[in-house]
1. Could you list, ordered by first residue, the pairs with Cβ atoms under 9 Å in which the first is in segment B:131-149 and free of Cβ contacts under 8 Å to residues at least 12 places away in the same chain and the second is of a type outside the set (Phe, Trp, Tyr) and in a helix (DSSP H, G or I), at least 6 apart or interchain?
2. Would you mind listing the strands (runs of 3 or more DSSP E) fully within segment A:35-115 where at least 3 residues are closer than 29 Å to A:Lys142 by Cα, within 16 Å of ligand 1 (Cβ to nearest atom) and within 14 Å of chain B (Cβ to nearest Cβ)?
3. So which of A:Val501, A:Val440, A:Val446 ends up being of a type outside the set (Lys, Arg) and closer than 26 Å to A:Leu364 by Cα?
4. Select from segment A:344-402 the residues that are over 28 Å from the mean Cα position of the chain (by Cα), of a type outside the set (D, E, K, R) and within 12 Å of chain B (Cβ to nearest Cβ) and list them in ascending order.
5. Could you tell me whether any residue of segment A:21-30 is within 16 Å of ligand 1 (Cβ to nearest atom), modelled with pLDDT of 90 or more and within 22 Å of the chain's Cα centre (by Cα)?
6. For segment A:196-224, name all the residues that are part of a strand (DSSP E or B), within 13 Å of ligand 1 (Cβ to nearest atom) and at pLDDT 90 or above.
7. Looking at (1) within 16 Å of ligand 1 (Cβ to nearest atom); (2) modelled with pLDDT of 80 or more, find the lone condition where A:Val247 falls short.
Amino acid sequence: MTQEEKSQPVLSARGITKRFPGVVANDGIDFDIRPGEIHAILGENGAGKTTLMNILFGLYQPDEGEIYIHGEKVEFKSPLDAIEHGIGMVHQHRKLVEAHTVLENIVLGHPHAGTILNLRRAEQEVRKLCEEYGFKVDFRAKVWQLSEGEKQMVEILKALYRGAKILILDEPTSALTPVETRLLLDSVQAMAKKDLAIVPFITHKLPIVLEISDRVTVLRKGKVVARLETRHATEKSLAREMVGRDVLFRVERQEVEPGKPVLEVEDLVVQSDKGFLAVEGVSFTIREGEIFGLAGVSGNGQQELVEALAGLRKPVSGRIVLDGVDVTHLPPLERWKTGLGYIPADRIHMGSIGDFTLVENVLLNYYFDQEYNRGGILDYRKARQMTEQLIEEFNVATPGPDVLGRNLSGGNLQKVILARVLSRRPRLVIADLPSQGLDVGATEFVRNKLVEAKVNGAAVLLISEDLDEILDISDWVAPIYEGRFMGIVPAAEAEREKIGVMMAGYNAEGVAQ
Amino acid sequence: MKIGKNEFKLEKRTSLSGWQATSIAVLAVLMTLFLFGFIFLQAGISPGMAYREIFSYAFANKHGLPLTLNRFIFLLFTTYAFILPARAGLWNIGMTGQMYAGALSAFAVLYAFGAQQSKSLELSAGLVIPLMVLASMLGGLVIGAIAGYFKGKFDTNEIVLTMMLNFILFWLVSFMIKEGGLFMNPGGRGESFELPPSVYAPLIGGVPFTGLVAVLIGFALEFLFDRTQLGYQIKAFGKSPRAARYAGIDTFKIPFMVFLLGGAIAGLAGYHYFAAVPGVYKIARNYGQFGDLAFYGIICGLISQSNPLASMPVALLFGGLSIGGRFVQGKLHMAFGVDYALLGVLMITLVAFQFFYRYRIVRVSLDEEDGHA
Ligand SMILES: Nc1ncnc2c1ncn2[C@@H]1O[C@H](COP(=O)(O)OP(=O)(O)OP(=O)(O)O)[C@@H](O)[C@H]1O
Ligand SMILES: [Mg+2]
């Protein structure tokens, strides 16, 4: 490749505009991607990032504007056209077939899948890709058994296997553990170096942007508001460009006197889908006014623990007491009525219904409520008022409460779920990855909301893979490793290094368990 | 595709209003009539004349209209039986069996009152008719509940299950009405005993009262889905069982309830056709044909996008075309079953037009583009 070819953009977009009923999602966007560069696209929730990526991938047709690849105008009628031109995309919300194996997912849907009857050969090819970029994943596992991070890798492998030269990653790290994030970043850098794979990168995690990207394009309300070289940027300056004001990166910690126990868990044992014991006898108590942070690399039993607490998974043994009521054998609805408020990690399939309007989505946590349900008749008017109020209070970017859930941007959907659960003023808040996919402003807002809930006397169980998030607001930190707590550490003694070591399976004294 | 200075492109719809859905369905019907016109031409018959005959007989003739309305009512019940589970994301194709169960149960009430002994038995209409109606609902309900129970409890495939129940009920009807069966006609003939005139269903303006019931149920279902807690739970379960479970919706109760209620309504179809339609008043030997007609409830349900109110005009159209088609076939001495052929073509066209529920055609003027694509 000559020097000249190298500096010519591999992909350019000119004047991309896309309108949806009630919003202009992209408004005359221009930008270029150069070979071998990692180009981050930043913006608040609803700024139009996903829409832009969907257009580049042929999922949407722009209302106006053109796309050029190597200087040549292209028109993508469908993702197949985009794949043909070497574009690969990993979506904000995973699109794998859960019941298939990893390898099947990677190979199926390949443009030449018809000719690849030889799975073994395909396996070798994929294995080579893995080695090249440092991915580790069990090819024979079924996708539903994978952690978010593993699914992410599978998505990337799938795109690479289809011959992607330009890889679009939408929020690649929002559901990843720090370790997985590290691995992913290394692979991304390896790709950028080796293959001249070009990687536009969208993320709300500013330190990551600063660390690995070469250039940044910032969107606000569908328009490009800044283009900069990453080395000239700081976390503060990026946040300011995105939000249009200064963002404080601190959450006010507030100490309150803990009250009576809200959640008491005794010797809980829970089985995983794969059949082994995912939670092997944990006991803990969360009191009124406490935030209990569960720190751990995903796949160490957090999911199963949370599901058992929410009534979605039968424990093998043990006891769960919620606000003085033994709920161990009660169905989910009874737990909600007893004061549970559960913010699930999977906002697309569990936390919301894409074909429901926002009002109907809010009703998911209210349809059983006395005030919204009189003699079996739902009060939709009241639900609508409530939805409008939540949209206002949580600053959800949407044309209105009658919009379908699937038409919201990822972060805004997350805000609706959070708003809905917290507005019930639950006794126990289970917040599973509450700030995933939220922009800096919204993350700050959510953490403040959790603190507010605690100050108002709720008990909060916070599950996060972001250690900073846990350390910032928790009163207790419980590192979980292979289904056991490595200890329950009061905030004052929870130093970063110590918790990190414990998450890797050592107790507080540094002895391997 | 290029036509003159315009280029037409397909684009995925981001939304579809009820109004757009209706206009697509209307277009599909017009398309069907157009296509079927060629079949008439082939047979040497003027399509204009044939359609005039079909529609005037089905909707404006004093003999044809009641027949149309009776089919309409029958189809409406079986459509509802499809719609209820469909809203919960489940396929009920057992309306035939549920309908048979309804018919058998209604006749069981008559049997209990000794009606198979004598056609001229004087029974108290005020007592026996409500009992028959209730029994027919109960019969359909039980058959529906079996499917719902297994779906809810063990996640059995409801299509296979309801299909099997259809076969069982078909043979059960045969067993009951043929030689030696409990409900056999004293004169033999392979059909059931006849209804005593004292318990003929009351008519409202020449139409059995079941017509009113069918329309009322339509509005009741609309209300159920739009306003009630149960309807909300059904919709949530239908759109996302996982989210429904998260929200505490009972994942046994919902499948069970929709099949149970759907079965009960299908049972009414059995009462309607065999015990309320003037001129029938028995389970005739060709009862299997009505079983086949019941399946059109699936088509009506699909076309109306599981909307109970929208299903009314659809069922009326299907009922009218089948009656009118049968009529022209006889009148013009055509060699094939115009009624089912017409329904068949309509069905295929409507299904093909479903495509436009998901895509729309947009026009791009080539003047604005700079040529190379
Ligand atoms: N299919 C659609 N129909 C209607 N509106 C849509 C659709 N897709 C996106 N929008 C709207 O367009 C705007 C931009 O959405 P987009 O998903 O691109 O945001 P984003 O920058 O990716 O946000 P996030 O960080 O929350 O993922 C939002 O206001 C969203 O509601
Ligand atoms: Mg997005």
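1. Close Cβ pairs satisfying both conditions: B:Leu134/B:Ser105; B:Leu134/B:Val109.
2. Filter on segment A:35-115 gives an empty set.
3. On inspection, the qualifying residue turns out to be A:Val446.
4. A:Phe368, A:Gln370, A:Tyr372, A:Asn373, A:Gly375, A:Gly376, A:Ile377, A:Leu378, A:Tyr380
5. yes
6. A:Thr217, A:Val218, A:Leu219, A:Arg220, A:Lys223, A:Val224
7. All conditions pass for A:Val247, except number (2).
Conditions tested, residue by residue: (1) within 15 Å of A:Ile348 (Cα to Cα); (2) surrounded by fewer than 18 Cβ atoms within 10 Å (Cβ to Cβ); (3) of a type in the set (Gly, Ala, Ser); (4) in contact with a strand residue (DSSP E or B) (Cβ under 7 Å, 6 or more places away or on another chain).
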residue: A:Ile377; (1), (2), (3), (4): no, yes, no, yes
residue: A:Glu388; (1), (2), (3), (4): no, yes, no, no
residue: A:Asp402; (1), (2), (3), (4): no, yes, no, yes
residue: A:Ser409; (1), (2), (3), (4): yes, no, yes, no
residue: A:Asn412; (1), (2), (3), (4): yes, no, no, no
residue: A:Lys415; (1), (2), (3), (4): yes, no, no, no
residue: A:Leu418; (1), (2), (3), (4): yes, no, no, yes
residue: A:Ile430; (1), (2), (3), (4): no, no, no, yes
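The values are calculated or read from the model by the stated rules, or taken from the named source; none is laboratory data. If you're wondering where the values come from, they're calculated on a predicted model, not measured in any experiment. All Cβ positions, even for glycine, are placed from backbone atoms using ideal geometry, and neighbour counts span all protein chains on display.
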